1. For the range 79-147, what is the accessible area per residue in Å² when the probe is 1.4 Å?
2. Between A139 and S31, what FRET efficiency follows from the Cβ-Cβ distance if R0 is 30 Å, with the result rounded to 0.05?
3. Do any GluC sites (Glu not before Pro) in the range 1-65 lie in a DSSP loop with no more than 15 other beta carbon atoms within 10 Å, and if so, which?
4. Quickly rank 105-113, 47-55, 129-137, 67-75 as a protection proxy: mean count of other C-beta atoms within 10 Å, highest first.
5. Could you tell me, in Å, what Rg and Dmax come out for the Cα atoms of the chain?
6. Note down the magnitude of the dipole of the range 79-184 about its Cα centre, charges +1 on Lys and Arg C-beta and -1 on Asp and Glu C-beta and zero elsewhere, to the nearest 20 debye.
7. Please list, short to long, the whole-number percent of alpha-carbon pairs of the range 95-168 in consecutive 5 angstrom bins beginning at zero.
8. Divide, for the range 64-125, the radius of gyration over alpha carbons by 2.2 N^0.38 Å, where N is the residue count.
Amino acid sequence: MRVISGIFKGRQLKAVPGSGTRPTTDKVKESLFNMIGPYFEGGTALDLFAGSGGLGIEGLSRGLDKVVFVDRDQQAIKTIKMNLAELTLGDHSEVYRNDAVRAVKALIKREMTFDYIFLDPPYKQQKLHDLLTVIDEHALLDENGSIVCEHSSDIRLADQVGSLHKSREETYGIIRISIFKQED
């Protein structure tokens, strides 16, 4: 696993030990950032099922100012912190061990909003529609922001969830990327 582009291009990232976490492949990571960027002039992101932190770190490498990383697995949290420390990105991140639903509720209470939200839940436990609904109802996505959903290619997400509309969808073998934006 490595950073694909930006100021940390080519730097290796540690993976979460064991088989419980599925890192986003380099090909898919490159493609999804080409869909939403590929580079940024600041901004904030939420990496909700962060795993090793690869998506959020890629965003920081490409110019995001800050990323909030959330995962419920203790090993994942340790790995994220090691990867951030290795790249000296501690000042540009917050890391929380929490369930996705609880984390979203905490972010709502803090009245936080994000330019980009990365949702890459375990494929067998994905509840993306419910998460998109909560994100929409509580306006966690900034006006011109994007939500990136990585899911199994046999899952089809609705074209519209509240005021969020699917702006793009691409399939890479068993993986599908769905991008949601605020409706104009």
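1. With all protein chains present, the range 79-147 gives 57 Å² per residue.
2. Values: r = 28 Å, r/R0 = 0.93.
It comes out at approximately 0.60.
3. E41
4. On the way: 105-113: 14.0, 47-55: 27.0, 129-137: 17.7, 67-75: 20.7.
Taking the mean over residues of other Cβ atoms within 10 Å, the ranking is 47-55, 67-75, 129-137, 105-113.
5. 14.9, 43
6. Details: 13 positive and 19 negative charges, 98 e Å.
That gives the range 79-184 a dipole magnitude of about 460 debye.
7. With a bin width of 5 Å, the distribution comes to 3, 14, 28, 28, 17, 8, 1, 0.
8. On the way: Rg = 12.1 Å, N = 62, 2.2 N^0.38 = 10.6 Å.
This ratio for the range 64-125 stands at 1.15.
The values are calculated or read from the model by the stated rules, or taken from the named source; none is laboratory data. Remember, predicted model here, so these are calculated numbers, not experimental data. Because the Cβ atoms are built from the backbone with ideal geometry, glycine has one as well, and the counts that use them run over all protein chains shown. Surface areas here come from the heavy atoms of the whole protein model, side chains and all, with no ligands, DNA or RNA. Shrake-Rupley method; radii C 1.70, N 1.55, O 1.52, S 1.80 Å.
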